[in-house]
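To keep things clear, I will list the structure first and then write my remarks on it.
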Ligand code: TYD
């Protein structure tokens, strides 16, 4: 878990992150999920080489993680906290609150070739 600097002010809170100091890779791309309908599930894949930091900038959601040996589930719901996901970790996102905005900081541009979308392929690649 990464904790980003926050500047609190009577006008509101301001959170920021630098590639060098706060995120363990140069940020090449950002994307975000929002308007996620109730009951919807996202993710369900791993990345061969991509590193990511996932932040719940609004609301909350649950992330399940697997390295092929161990599984873990985490609820993200603090806008100043990011979850670092190294390459080759299977992840699934679910239980989004209606106001959830899931911001993803990514180390590489989008490439479908980088995805492992089949769980059996993932398990085989991890052994
Ligand atoms: P995907 O990564 O499978 O979404 P999630 O893991 O959140 O369920 O991406 C969904 C679609 O969006 C897929 O067709 C690829 C496309 N996409 C892009 O074009 N660029 C991007 O940066 C991302 C993340 C996805």
Legend entry - All positions within region 96-113 that are farther than 23 Å from residue 22 by Cβ and either away from the ligand (no atom under 15 Å from the Cβ) or surrounded by 16 or more Cβ atoms within 10 Å (Cβ to Cβ) (or both): 96, 97, 98, 99
Inset, instruction - Please work out if residue 83 is in contact with a helix residue (DSSP H, G or I) (Cβ under 9 Å, 6 or more places away or on another chain) and in contact (Cβ under 8 Å) with a residue 60 or more places away in the chain. - result: no
Inset, instruction - Please work out which one of (1) farther than 30 Å from residue 7 by Cα; (2) more than 14 Å from the ligand (Cβ to nearest atom); (3) part of a loop (DSSP other than H, G, I, E, B) is the condition residue 125 fails and give its number. - result: (3)
Inset, instruction - Might you let me know whether region 48-67 holds any residue that is surrounded by 14 or more Cβ atoms within 10 Å (Cβ to Cβ), at positive phi, in contact (Cβ under 8 Å) with a residue 24 or more places away in the chain and in contact with a strand residue (DSSP E or B) (Cβ under 8 Å, 6 or more places away or on another chain)? - result: yes
Inset, instruction - Report, ordered by the first and then the second residue, all pairs with beta carbons closer than 9 Å, sequence separation of six or more or different chains, a first member in region 1-28 that is closer than 26 Å to residue 109 by Cβ, and a second member that is in a helix (DSSP H, G or I). - result: 2/22; 4/22; 16/22; 25/19; 26/19; 26/20; 27/19
Legend entry - Test set (1) under 12 Å from the mean Cα position of the chain (by Cα); (2) within 15 Å of the ligand (Cβ to nearest atom) - residue 75 fails condition number: (2)
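Read-outs: derived from the displayed coordinates by stated rules, not from any lab. Every value quoted in this text rests on a predicted model; they were computed, and no experiment measured them. Cβ sites come from the backbone with ideal geometry, for glycine too, and all protein chains shown count toward neighbours.
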